[in-house]
Structures are given as structure tokens and as C-alpha cells.
1. Along the charge dipole of the chain, pointing to its positive end and built from +1/-1 on Cβ of Lys, Arg, Asp and Glu, which listed residue (Thr25, Tyr46, Ser35) has its Cα farthest out?
2. From the P(r) of segment 3-61, can you give the percent of Cα pairs sitting at distances over 16 Å?
3. Exposed loop chymotrypsin sites (Phe, Trp or Tyr not before Pro) only (DSSP loop, at most 12 other Cβ atoms within 10 Å): please give the longest stretch of the chain free of them, not including the sites.
4. Looking only at GluC sites (Glu not before Pro) in DSSP loops with at most 10 other Cβ atoms within 10 Å, what is the longest site-free stretch of the chain?
5. Sum up the lysine pairs in the chain that clear both bars: alpha-carbon distance under 27 Å and a spacing of 8 or more or different chains.
6. Please report, in debye to the nearest 20, how large the charge dipole of segment 1-59 is about its Cα centre when each Lys and Arg carries +1 at its beta carbon and each Asp and Glu carries -1 there.
Amino acid sequence: MQTLQIIQEIQRLPLTKKFYVVEETIKSIKKEEMSHQMELAVKELYNDYANSKELTSFTSLDLEHFYEAR
């Protein structure tokens, strides 16, 4: 379906359904944008975490057993 056809179909909907389409579209855009922002953040910080001993010092404890004090 082409964009123009989608718009024409939406225009035929009752007002409540038009609002629903708009709300769901905005949710989808926000989710996609958040995912994109997270990817950018990961790429920017990856080298810092991969190469900084200060940021990764506690990873040496990853394989040790942890016992919660009760």
C-alpha cells in the first residue's frame, strides 16, 4: 500500500479511530527514536568501557560466587 492510499484510508475513518492511528504511530516513532538513541550511546561509550581499567575494574569479580548476607 502506498503512502497516499494509507492517508486516504485514514481520512475515511471515524474520528476516534483516527486518534488511535495517530497515537499508535507516535508511540512507534518514540520507540524507534529511543532505540536509535540507545544505539548511539552504546557506540559512543563502547571504547571507554573496553579500554578503561577504571571502568572495568570490577569485572574481574564476575566469575566469583556471590553470597547475600541475611
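Where a number appears in this text, it was derived from the coordinates with a stated rule and is not lab data. No experiment lies behind these values; they were computed from the predicted model shown. When we count neighbours, we look across all protein chains shown, and the Cβ atoms used for this are built from the backbone with ideal geometry, even at glycine.
1. Farthest towards the positive pole: Thr25.
2. Result: 66 percent of Cα pairs exceed 16 Å.
3. Within the chain, the longest run free of exposed chymotrypsin sites (Phe, Trp or Tyr not before Pro) spans 1-65.
4. 1-63
5. 10
6. It works out to roughly 340 debye.
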